Amino acid sequence: MIAPTALFALDTLLTDEEREIRSTVRRVCDREIRPHVAGWFEAGELPARELARTLGSLGVLGMHLDGYGCAGMGAVAYGLACLELEAADSGLRSLVSVQGSLAMYAIWKYGSEEQKQEWLPAMAAGERIGCFGLTEPDFGSDPGGMRTTAKREGGDWVLNGTKLWITNGSVSDVAVVWARTDEGIRGFLVPAGTPGFTVNDVKHKVSLRASVTSELVLDGVRLPADAMLPGARGLSGPLGCLNEARFGIVFGAMGAALDCLETAIAYASDREVFARPLSSYQLTQEKLADMALELGKGLLLAVHLGRLKEAGTLTPEQVSAGKLNNVREALEIARKCRTLLGAGGITLEYPVIRHSVNLESVLTYEGTSEIHALVIGKALTGIPAFK
Ligand code: TGC
Ligand code: FAD
């Protein structure tokens with residue numbers, strides 16, 4: 001028997017250092033996350049503060065950024081960390097994506113030197129948590145329609161509006177909030193506890209239960225002039241951050257799929273049906289073979305996109321292709337693995353149904369599958385069909 005990833009000899013594409021990072025993240029997940037994560041999911045709770053410190057010590061928060069306490073690792077190393085985190089739970093990868101690729105990246109890319117010094121080292125260490133407020137109740141796929149405003153009053157900015165579905169919202173020390181100004185969309189750093197800034201958690205989620213999801217309400221939030229991110233102007237500011245987080249999902253989704261497939265292979269070997277192991281039936285082997293193919297192709301695509309990112313040539317539409325394909329295939333794999341587990345597959349005793357319902361969120365956030373199809377469609381035809 002070989003591991004599903006061995007079918008494509010994936011490891012031959014990785015450096016020793018990348019393999020080492022993958023093993024280290026996997027070890028920490030096995031020790032600190034896997035024994036608890038089904039319980040967190042069932043309870044709809046996440047010890048986000050503790051986890052952020054653990055992940056900070058591991059060095060994965062903003063690990064692909066340089067300086068300010070960040071590890072400065074390559075894109076493939078970052079992707080492999082996302083893969084291992086999401087093999088434990090998509091909620092964990094979300095915490096890391098939002099912290100490192102959205103909140104920290106926004107400050108790192110667009111912030112002033114003072115903003116970087118103030119926030120990045122503590123965020124890299126997991127002592128402070130950030131969130132990223134782009135989506136609004138009426139504007140998800142179309143963030144350009146946002147209603148949140150920032151108006152100048154004397155030397156200050158005053159923010160009004162509501163952001164919804166914000167990962168890490170209520171556990172954050174700082175929110176990166178995107179708002180409409182007279183000069184277009186700009187980003188603002190809103191510290192927790194600023195008067196007029198309230199946060200309410202989204203309850204009754206069936207997906208991503210081991211993740212904090214919140215509403216941010218800004219009611220006359222007064223901020224000093226230097227709360228604005230000076231380097232981001234227009235929608236390209238937040239969309240530039242999304243490229244980073246979407247890239248992590250290209251790898252992450254394959255982590256969830258791998259965990260499902262490994263679980264299903266082990267289950268099918270142990271489980272006897274009609275007096276023979278489930279794995280000995282041709283129908284089962286066809287399912288396993290199909291899933292191993294999609295997993296292997298998705299991993300090859302992820303590593304290829306990672307190498308393009310390291311070379312500085314990765315385009316947004318290539319990221320869309322990776323996100324669309326790998327999340328869609330991961331969800332298919334999770335559903336197919338669930339069938340192999342029979343009734344047991346609907347319980348939290350196995351990780352498969354948890355991954356499957358989590359991947360429903362992953363299919364929607366960071367750009368829905370339809371939006372990524374339209375991004376690719378625009379690249380192929382030259383015609384934007386969003387509106
Ligand atoms: P459009 O006119 O096409 O573009 C406006 C400006 O943005 C530039 N741009 C990009 N820049 C960088 N990266 C990209 N991927 C970019 N895509 C576009 C573009 O060049 C233009 O620049 P400029 O200088 O000319 O102004 O914008 P549009 O309004 O037509 O919208 C395009 C569309 C639909 C693709 C975009 O709005 C979109 O991607 N929508 C999806 C929204 C989304 O993904 N939201 C995610 C919120 S965050 C989240 O979900 C976190 S989940 C938690 C977790 O990760 O775990
Ligand atoms: P809508 O945009 O209303 O879309 C509804 C349906 O319409 C979808 O199928 C969509 O694909 C389709 N559709 C939209 N436009 C078109 C079109 N032009 N053509 C055809 N079909 C179209 N956002 C943040 O800013 N920060 C976060 O941290 C964050 N975390 C999240 C965490 C979770 C668990 C979830 C579920 C979401 C999170 N989001 C976050 C929000 C997420 O990015 C949005 O949900 C997503 O962008 C889709 O927006 P929407 O839900 O408003 O759906």
Residues of region 137-169 satisfying the condition of being in contact (Cβ under 8 Å) with a residue 12 or more places away in the chain, open to solvent by 10 Å² or more (accessible area, probe 1.4 Å) and within 12 Å of ligand 2 (Cβ to nearest atom) = Pro137, Gly140, Ser141, Asp142, Pro143, Gly144, Thr162, Leu164, Trp165, Thr167
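Which residues, counting only those in region 209-226, are among the aliphatic types (A, V, I, L, M) and surrounded by 21 or more Cβ atoms within 10 Å (Cβ to Cβ)? Before the answer, list the steps.
Start the filter on region 209-226 by keeping residues that are among the aliphatic types (A, V, I, L, M), which leaves 210, 212, 216-218, 221, 223, 225.
Residues satisfying the conditions are Ala210, Val212, Leu216, Leu218, Val221, Leu223.
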Arg186 vs (1) farther than 23 Å from Phe386 by Cβ; (2) open to solvent by less than 10 Å² (accessible area, probe 1.4 Å); (3) outside any loop (DSSP other than H, G, I, E, B): all pass except (1)
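Gln99 - would you say it is part of a helix (DSSP H, G or I), polar (S, T, N, Q) and within 23 Å of Glu45 (Cα to Cα)?
Working: part of a helix (DSSP H, G or I): yes; polar (S, T, N, Q): yes; within 23 Å of Glu45 (Cα to Cα): yes.
Spelling it out, Gln99 is indeed part of a helix (DSSP H, G or I), polar (S, T, N, Q) and within 23 Å of Glu45 (Cα to Cα).
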Are any of the residues in region 276-296 within 16 Å of ligand 2 (Cβ to nearest atom) and either open to solvent by less than 10 Å² (accessible area, probe 1.4 Å) or out of contact with any Asp or Glu (no Cβ under 6 Å at 6 or more places or on another chain) (or both)?
-> no
Do any residues in region 234-260 that are within 30 Å of Thr5 (Cα to Cα) and open to solvent by 10 Å² or more (accessible area, probe 1.4 Å) have Cβ atoms under 7 Å from those of residues that are within 16 Å of ligand 2 (Cβ to nearest atom) and in a helix (DSSP H, G or I), where the two are at least six apart or on different chains, and which pairs are they?
-> Asn243/Pro316; Asn243/Val319; Glu244/Ser101; Glu244/Tyr105; Arg246/Val319; Arg246/Lys323; Asp259/His355
Can you list the strands (runs of 3 or more DSSP E) found entirely within region 115-178 that contain at least 1 residues being within 13 Å of ligand 1 (Cβ to nearest atom) and among the hydroxyl-bearing types (Ser, Thr, Tyr)?
-> 156-167
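The values are calculated or read from the model by the stated rules, or taken from the named source; none is laboratory data. None of the values given here were measured: they were computed from a predicted structure. Backbone-built Cβ (ideal geometry, glycine too); neighbour counts: all protein chains shown. Just the protein is used for accessible areas: all its heavy atoms, side chains included, with ligands, DNA and RNA removed. Shrake-Rupley method; radii C 1.70, N 1.55, O 1.52, S 1.80 Å.
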